[in-house]
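Report on one structure; see the data block that follows.
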Amino acid sequence: VQLQASGGGLVQAGGSLRLSCAASGSTYVMGWHRQTPGAQRELVASIYVGGITNYADSVKGRFTISKDNAKNTVYLQMNSLKPEDTAVYYCHGAHRFGAAYSWGQGTQVTVSS
């Protein structure tokens, strides 16, 4: 599956941003990871077929992942952003259970204090 991400940018602390990621076909799971320089890529949120979601503890209550199945597009609404949310965000997706993730291009999110 091919993924095309959009969104991101610069926002002040406490602000909001929305990321989008469109898949080239149906998927079993889609979501977002993020990465800062020198650190490992970490899971932010995922949404599975049927609408099951999971979130990193650090974003629970602030970020919401959703999916438009008709458009094969996943959204990450990020509210109450903090400087520590600054990272390159990568969309991930897999077309079936057990398949390796495909990755979209990274999109920079910068939260100023």
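The values are calculated or read from the model by the stated rules, or taken from the named source; none is laboratory data. Remember, predicted model here, so these are calculated numbers, not experimental data. Cβ placement follows ideal geometry from the backbone for every residue including glycine, while neighbour counts extend to all protein chains displayed. For the accessible areas, the whole protein counts, side chains as well, though only heavy atoms, and no ligand, DNA or RNA atoms are used. Shrake-Rupley method; radii C 1.70, N 1.55, O 1.52, S 1.80 Å.
Brief remarks follow.
- Residue within region 43-51 that is open to solvent by 70 Å² or more (accessible area, probe 1.4 Å), over 16 Å from Val1 (Cβ atoms) and touching a strand residue (DSSP E or B) at 6+ places or on another chain (Cβ under 6 Å) present: no
- Whichever residue in region 63-76 is among the hydroxyl-bearing types (Ser, Thr, Tyr) and free of Cβ contacts under 8 Å to residues at least 24 places away in the same chain and, among such residues, is nearest to Val29 (Cα to Cα): Ser66
- If you go through region 23-65 and keep only what is among the β-branched types (Val, Ile, Thr) and closer than 21 Å to Gly106 by Cα, you end up with Thr27, Val29, Thr36, Val44, Ile47, Val59, Thr64, Ile65.
- Scanning region 47-75 for residues that are at pLDDT below 95 and of a type in the set (Val, Ile, Thr) returns a single hit, Val49.
- Considering region 52-76, and only residues there that are hydrophobic (A, V, I, L, M, F, W, C) and out of contact with any helix residue (DSSP H, G or I) (no Cβ under 8 Å at 6 or more places or on another chain), the residue that is surrounded by the most Cβ atoms within 10 Å (Cβ to Cβ) turns out to be Val74.
- Taking region 4-106 and the strands (runs of 3 or more DSSP E) fully enclosed by it, the elements with 2 or more residues that are among the hydrophobic types (A, V, I, L, M, F, W, C) and more than 14 Å from the chain's Cα centre (by Cα) are at 9-12.
- From Ala13, Ala23, residue being under 13 Å from Cys91 (Cα atoms) and of a type outside the set (Val, Ile, Thr): Ala23
- The residue of region 5-42 that is surrounded by the most Cβ atoms within 10 Å (Cβ to Cβ), among those that are in contact with a Gly (Cβ under 6 Å, 6 or more places away or on another chain) and closer than 19 Å to Tyr101 by Cβ, is Met30.
- Looking only at residues in region 77-96 that are of a type outside the set (S, T, N, Q) and free of Cβ contacts under 8 Å to residues at least 60 places away in the same chain, the one that is most open to solvent (accessible area, probe 1.4 Å) is Glu84.
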